[in-house]
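Just so you know, all these numbers are worked out from the coordinates, no wet-lab data involved. These numbers come from a predicted model, not from an experiment. Note that we place each Cβ from the backbone using ideal geometry, even for glycine, and neighbour counts take in every protein chain shown.
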Amino acid sequence: MSNPLEELLSATAPEAAPALLGAVLVRSDQQATVALRLTEIEAYGGPADSDLPDPGAHTYRGRTARNNSMFGPPAHLYVYFTYGLHHALNLVCRPDGHAGGCLIRAGEVVAGEDAARRRRSAQRATEPSHVALARGPGNVAQALALDRSDDGAPLRFLGRAPDPVLAAQRLVAEQPGYQKPWTGLVLPDRSGAADMVTTARTGVSGEGGTDAFPWRFALKNDPTVSPYRKAAVKKRRTRP
């Protein structure tokens, strides 16, 4: 029998993403356990010939070795390397064989901040502020120490709680680190975020970045949310 997290993530990404706002993602490895309150999420769909075609998704042109994890099963991780610079994390949605994922764009580090700060500061001249520790998908993955080796890993259900932050902090205090890395999620004891803003996705080029895909969900006025950046329209070059 599936757990509540698998049931939630069996939905399409645009349906699941709002319910993930305010949840707390917990990542543990041998060095530390870090918890992240999710404040900004983007939804992504499937191939052109699917029931939810999404020209902004990695899956749009079909299944490949790189995007294989996005095709299920739900409640797993899709971690990819982008722009030759950083990794990014998606929580996989939909039943096995159907593509979808929720890109974690930003969050607030609510436990394990020292470890997150060390990781984020390793290649910087200055330390990032608390609100900037996990602002932006690359910073999320760096703060949580996620990379391609985590692609396809299962996402644990850590329960529901009226206060997911407090529940995650207690878990981190009791279990500061583990021998084998794992990632889990504490869900809020409610459905959806009451104070949420919805926009087109940020920085996505082409049709996938237009208002036809209002699939960016963020907690309203939360300082950890990244600035909205509309993708520039690529102009075709013409010969004189």
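Each Cα pair under 8 Å and six or more residues apart adds its separation to the average, and for the chain the resulting relative contact order is 25 percent.
Write down the Å³ per residue value for the convex hull defined by the alpha carbon atoms of the range 58-160. For the range 58-160, the hull spanned by Cα atoms encloses 109 Å³ per residue.
Overall size of the range 141-222 from C-alpha positions, given as principal axis extents largest first: 45, 33, 20 Å. Checking every one of the trypsin sites (Lys or Arg not before Pro) in the range 1-65 against DSSP loop status and a limit of 12 other Cβ atoms within 10 Å picks out Arg61. Note on the range 8-83: Cα convex hull, mean projected area over all directions, 6.3 nm². Need one number: the % of Cα-Cα pairs in the chain sitting beyond the 24 Å mark. More than 24 Å apart: 42 percent of the Cα pairs in the chain. Annotation for the range 120-201: trypsin sites (Lys or Arg not before Pro) lying in DSSP loop with at most 16 further Cβ atoms inside 10 Å of their Cβ are Arg124, Arg190. Based on C-alpha pairs under 8 angstrom that are at least 6 apart in sequence, the range 81-198 has a relative contact order of 24 percent.
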